[in-house]
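The values are calculated or read from the model by the stated rules, or taken from the named source; none is laboratory data. As the structure is a computational prediction, the values presented were derived from the model and not from experiment. Every residue, glycine among them, receives a Cβ derived from its backbone with ideal geometry; neighbour counts consider all protein chains shown. Note: areas computed on protein heavy atoms with side chains; ligands, DNA, RNA excluded. Shrake-Rupley method; radii C 1.70, N 1.55, O 1.52, S 1.80 Å.
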Amino acid sequence: MSAEDVGIIGTGIYPFGRHPDVTGLQMAVAAARAALADAGVSWPEIDFAAGGSDAAGNADTSVAMLGLTGVPFVNVRNGCATGGSALTVAHAMLRAGSADLALVVGFDKHPPGAFNPEPEDWGLGRWYGETGLMLTTQFFAMKIQRYMSEHGISTATLAEVAAKAFRNGALNPNAWRRRSLTAQEILASKMVNHPLTQFMFCSPGEGATALVLARGARLRGSARPPVLLRSVALRTRSFGSFEVFSPSIALESGPSPTTVAAAAAFEAAGIGPADVDIAQVQDTESGAEVMHLAETGLCQHGEQEKLITSGATEIGGRLPVNTDGGCLANGEPIGASGLRQVHEVVLQLRGEAGERQVPGRPRVGFTHVYGAPGVSACAVLSR
Amino acid sequence: MNGDSVTPITEGLFTVAGGLVRLIGSQCARCGTVAFPRQFSCPKCTSVEVSERLLARRGTLWSWTIQCFPPKSPPYAADDPGAFEPYGVGYVELPGEVRVEARLTEADPGRLRIGMPMELTLVPAPSGEARGAVTYAFRPMTEEEQSER
């Protein structure tokens, strides 16, 4: 371990699902306390904090419940990359030596049904929403529809991805959807946006995740086996990429924010995609997992069908993907999702993932989030 | 629906002249990049030398989906979710210009395929019958129209 290393020494989660009597901030505080307890650190020792939610309030309000220590606390609101962005900020503060112990927290609480963003918040005219074009589900459907025609991915594979998610979710006590579904049940569920059916989509939900990060002596002396945060990279869209909420897209194709963020994360870590033992990628719907596997460099475009049907992405496979059930089984509380992925990698690298533990002592983990209007955050972790 | 006296859902999105609807996009004077709706700077080269350009009326379907559930209102402008009918949505590639996202007049997945020729048209905007407004959409071209090309 070098002096510059940053690691995760504590992790905590508030179960994902529906909690009618609990506020988003209460979930955030519960997750933060769990992470602090896991790390063996007290709140007053934390000298930097960052976090956020999309729809459940300001993260720094949690100090009223955690304790008024005067800690510098940065609120982050960056769509699906909220957790990844908070992690980026904390990682940078620790690397700069501006803090020794940081808390990162993400949480959310969304009503049932698809998200209904306001066009004006995304730089679009009112007409875009009024005429029924402002739906994230449409984007994912049209992206995978095009991708399937270009790269030979079948609808059966989309169902297999969802079936895997629910199988993994059934093994995760903190997941929302804990019932296994067969590929047939998934294909037969209600059509939402062709070619994607109801059970191929995640649902907006509720939950919270928190992490304690450390550097220097606090990392070396940590009570728990530290997991090193080797890199974090956050990117917005480049010209020519196909993104959510785009009234038009260029003819010229450019790399997606996922592609650019993943490449940057791997380069900064000095670790390549081939070294990854376990990955969590954004699976807003089944197709997203398929496309993101290739965009992150974890496989080649068109290779997914073989990879998935051969079982390589299962918990016992060569490259286990979304071992906690992903967004499909956990739902999507926007602010919490990115940190849930990191939480899962930490448990897996520690060997504490219980029934869903990946065999063979995984050493390198990777996380990826993607969201509107074209933002991605990736992290590389190792033990 | 192609009369010159229609009420557009919003100004500056499309124009109707001589019975033909045209989308109002923009083009960068420096690098030629075309965008829709009209932009005032270039998303590719950052130039602000961008001017209005009326886009081609015909293109090919680049990708599509069917919106099978009623979007939430707001922002969707439907006043009766019970009367919801699924609608097609797609990106139509206008050759040499840009791919435009639009409602499609076709909502039968069996009648949509990537690469099929499409033409711009106008349809009643959601709640259009109440408001009388129209919006742009693309429709599959007939075989006769295709043979005219």
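For the interface of chains B and A, what total accessible area is buried with a 1.4 Å probe, rounded to the nearest 100 Å²?
For B against A, buried area totals roughly 3500 Å².
My understanding is that a pair violates if its Cα-Cα distance is over 24 Å; which of A:Lys143/A:Lys164; A:Lys109/A:Lys143; A:Lys164/A:Lys306; B:Lys44/B:Lys72 do that in this structure?
Correct reply: A:Lys109/A:Lys143; B:Lys44/B:Lys72.
How much of the accessible area of the stretch A:279-383, probe 1.4 Å, is carbon plus sulfur, in whole percent?
C and S atoms contribute 49 percent here.
With a 10 Å radius around each residue's Cβ, average the other Cβ atoms per peptide and rank A:31-41, A:277-287, highest first.
In decreasing order of mean packing, A:31-41, A:277-287 become A:277-287, A:31-41.
Helix-only mean residue ellipticity at 222 nm, chain A, DSSP H runs n ≥ 4 weighted -39,500 (n - 2.57), per residue, nearest 500. What is it?
Computed mean residue ellipticity for chain A: -10500 deg cm²/dmol.
How much accessible area does A:Ser154 have with a 1.4 Å probe, in Å² rounded to the nearest 10?
Counting only protein heavy atoms, the figure is 40 Å².
Would you tell me the mean number of C-beta atoms belonging to other protein chains that fall within 10 Å of each C-beta in A:261-272, as a whole number?
0
Using a 10 Å cut-off around each Cβ of peptide B:82-93, what is the average number of partner chain Cβ atoms that fall inside?
3
Starting from the Cα of A:Glu252, step 7 Å along the direction of its Cβ; do the same at B:Phe40; then give the gap between the two resulting points in nm.
Distance between the two pseudo-spin positions: 2.4 nm.
Would you mind putting A:212-223, A:192-203 in packing order, based on average other-beta-carbon counts within 10 Å, highest first?
Going by the mean number of other Cβ atoms within 10 Å, highest first, we get A:192-203, A:212-223.
Quick one: net charge of A:Val281's neighbours, Cβ under 13 Å, K/R +1, D/E -1?
Result for the neighbourhood of A:Val281: -4.
Just check the stretch A:270-383 against the gyration tensor rule for me: Cα atoms, a ≥ b ≥ c as the square roots of the eigenvalues, rounded for a/c under 1.5, and otherwise prolate or oblate depending on whether a/b exceeds b/c.
Rounded, since a/c falls under 1.5.
Taking the Cβ of B:Val50 as the center, what net charge do the other residues with Cβ under 10 Å away carry, scoring Lys and Arg +1 and Asp and Glu -1?
+1
With labels modelled as points extended 7 Å from the Cα through the Cβ direction, what inter-label distance (nm, one decimal) is found for A:Ser310 paired with B:Leu20?
Each label point is offset 7 Å from its Cα along the Cβ direction, giving 5.4 nm.
Please get the size of the charge dipole for the stretch B:1-144, origin at its Cα centre, with Cβ charges of +1 on Lys and Arg and -1 on Asp and Glu, quoted in debye to the nearest 20.
480
Just read off the accessible area of A:Glu267 with the full protein assembly in place, 1.4 Å probe, to the nearest 10 Å².
Probe radius 1.4 Å; accessible area of A:Glu267 about 150 Å².
What shape does the stretch A:175-297 have by the C-alpha gyration tensor, where a ≥ b ≥ c are the square roots of the eigenvalues, rounded means a/c under 1.5, and otherwise prolate means a/b greater than b/c and oblate the rest?
oblate
Got a number for carbon plus sulfur as a percent of chain B's accessible area, 1.4 Å probe?
Ligands and nucleic acids excluded, carbon and sulfur give 48 percent.
Between the stretch A:255-269 and the stretch A:307-334, what's the alpha-carbon centroid distance in Å?
Measuring centre to centre over Cα atoms gives 21 Å.
Can you tell me which of A:112-118, A:373-379 comes out highest on packing, and rank the rest after it, using the mean Cβ neighbours within 10 Å?
Ranking, from highest mean packing down: A:373-379, A:112-118.
Non-local amide H neighbours of A:Ala208 (under 5 Å, H modeled in plane, Pro and chain starts lacking H): which ones?
Those qualifying (amide H under 5 Å, at least 5 residues apart or on another chain) are A:Tyr14.
Given DSSP loops and a limit of at most 16 other Cβ atoms within 10 Å, what is the longest stretch of chain B that contains no such GluC sites (Glu not before Pro)?
B:50-149
Compute the signed sum of charges (Lys and Arg +1, Asp and Glu -1) over the other residues within less than 14 Å, Cβ to Cβ, of A:Arg215.
-1
Taking all protein chains in place and a 1.4 Å probe, what share, in percent, of the accessible surface of the stretch A:5-163 do carbon and sulfur account for?
Accessible surface attributable to carbon and sulfur in the stretch A:5-163 totals 54 percent.
Using only atoms on other chains, find how many Cβ atoms lie within 10 Å of each Cβ of peptide B:132-139 and report the average.
1
Under a 1.4 Å probe, what is the accessible area of chain A per residue, stated in Å²?
It amounts to 33 Å² per residue over chain A.
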